[in-house]
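J.: Have a look at the structure that comes next, please.
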Amino acid sequence: MIRTLLVCLALFTPAVAGAAPLAKDLFGGEQRASQQTSQAIGSYAKGCGAGLVQLPETGPTWQAMRLSRNRNWGQPELVQYLMDLSSAARQVGWRGLYVGDMSQPRGGPMKTGHASHQIGLDADVWMLPPSRLNLSRSERESISSISIRTEDQRNITSNWTRSHQALLKMAASDPRVDRIFVAAAAKIAMCKTAKASDKTWLQKIRPIAGHNTHFHVRLKCPRGDSRCETQKPSVSELSKGGDGCDETLTWWVTTYLEELRNPPKPTKPKGPRKKTAREYTMADLPKACRGVLAAN
Ligand SMILES: [Zn+2]
């Protein structure tokens, strides 16, 4: 019975939806970048990328991982940033970086994973320090990163090292960076060990769920990209001008975890439920994204 119902739903869904294709399928089907001037269009979680550039699969100090996903694309600023950071990583004793998902060739919503990473300014960097930088394609599919956080989400594990902190500090201190997302336990550890006289960089480190096997770098809108939406609130607003080592950080290891165990009764939503990135059609994205899809 249930199976019949599912089959019926599957058969009828395209017609019911009025056949407006989903943006994730359109952008997820693109194999290469648009031949346009590079531009970030829209917001990190609702937009697309014109003229994106591919991070070379392997460089002297990096490897792009999970090549089958074809998500090693970004704005030229992001590609340059990753090359720079991977080179600087040697200063903390790493051989370089394993780079996870960036954007699809033309950005946009993805069929799987991330809600953001849509405009070519987000990149995930693995917490696993590279052992070598000549991994084969298949090794890059099978090797996993490491978790720097305990299962109960309260603490870091021994996988978290001083070099991780030094790397995050370098990553966040770069003026191109808007913010960096990482597991709360990691930020708590950094708040404890950072020198009191040198904590301003912590403002850009933002606690978030997950992000225990990678950290997520988000760059600012590139200069001149008038269609790129700067994220609000800013990290300065979020941390009231401070370093964010405050009660909003502790919340992640207290109230947040408590509510995971004992979810509060859901309150009735006001108005219609917001669409998720995977439900967007082209009508939900900035108009210029149609041009990005249509371009050569
Ligand atoms: Zn990410």
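J.: Return the aspartates and glutamates within reach of residue 199: Cα separation strictly under 17 angstrom, same-chain partners fewer than 8 residues apart disregarded; answer none if there are no such residues.
T.: Candidates past the 8-residue exclusion: 174, 178, 237, 243, 246, 247.
J.: Sticking with this one: State the antiparallel share, in %, of DSSP beta bridges confined to the chain, rounding to the nearest 5.
T.: Numbers: 22 of 30 bridges.
Of all bridge pairs located within the chain, approximately 75 percent are antiparallel.
J.: One-quarter of the Cα convex hull surface for region 115-272, in nm²? Don't skip to the answer; put the middle values down first.
T.: Working: hull surface 51.1 nm².
So the Cα hull casts an average projection of 12.8 nm².
J.: In 10 Å bins starting at 0, how do the alpha-carbon pair distances of region 131-218 split up by percent?
T.: 16, 46, 30, 8, 1
J.: Could you work out [θ]222 nm for the chain from helices alone, using -39500 (n - 2.57) per DSSP H run of at least four and dividing by all its residues? Round to the nearest 500 deg cm²/dmol.
T.: Details: 10 runs with 84 residues, N = 296.
Value at 222 nm, helices only, nearest 500: -8000 deg cm²/dmol.
J.: Sticking with this structure for a sec: If R0 is 35 Å, what FRET efficiency do you get for residue 260 and residue 36 from their C-beta distance, rounded to 0.05? Show your work: numbers first, answer last.
T.: Details: r = 43 Å, r/R0 = 1.24.
Approximately 0.20, to the nearest 0.05.
J.: Just tell me which lysines come within less than 16 Å, Cα to Cα, of residue 46; anything on the same chain fewer than 8 places away is out.
T.: Qualifying lysines at Cα under 16 Å: 24, 111, 220, 232, 274, 275, 287.
J.: Run the quick spin-label model on residue 159 and residue 195: label points 7 Å from Cα toward the beta carbon, then report their separation in nm to one decimal.
T.: For residue 159 paired with residue 195, the spin-label model returns 3.0 nm.
J.: Counting DSSP beta bridges with both partners in region 47-190, what percentage is antiparallel, nearest 5?
T.: Values: 7 of 10 bridges.
Beta bridges within region 47-190, antiparallel portion: roughly 70 percent.
J.: Could you give the Stokes-Einstein D for region 201-277 in µm² per second, using the C-alpha Kirkwood radius, 20 °C, 1.002 mPa s?
T.: Details: Rh = 15.7 Å.
Calculated translational D: 136 µm²/s.
J.: Just to compare against my own numbers: the Cα pair-distance distribution for the chain, 10 Å bins, whole % per bin, please.
T.: Values per bin, smallest distances first: 6, 25, 32, 25, 10, 2, 0.
J.: In square angstrom, what is the accessible area per residue of the chain with a 1.4 angstrom probe?
T.: Numbers: 15310 Å² over 296 residues.
Ligands and nucleic acids excluded, the result is 52 Å² per residue.
J.: Using only alpha-carbon positions, what ratio does the radius of gyration of region 214-256 give when scaled by 2.2 N^0.38 Å?
T.: Numbers: Rg = 13.9 Å, N = 43, 2.2 N^0.38 = 9.2 Å.
My calculation over the Cα atoms of region 214-256 gives 1.52.
The values are calculated or read from the model by the stated rules, or taken from the named source; none is laboratory data. Just so it is clear, the structure is predicted and the values come from calculations on it, not from any experiment. We place every Cβ from the backbone using ideal geometry, glycine too, and count neighbours over all the protein chains shown. The area values use the complete protein model at the heavy-atom level, side chains included, leaving out ligands, DNA and RNA. Shrake-Rupley method; radii C 1.70, N 1.55, O 1.52, S 1.80 Å.
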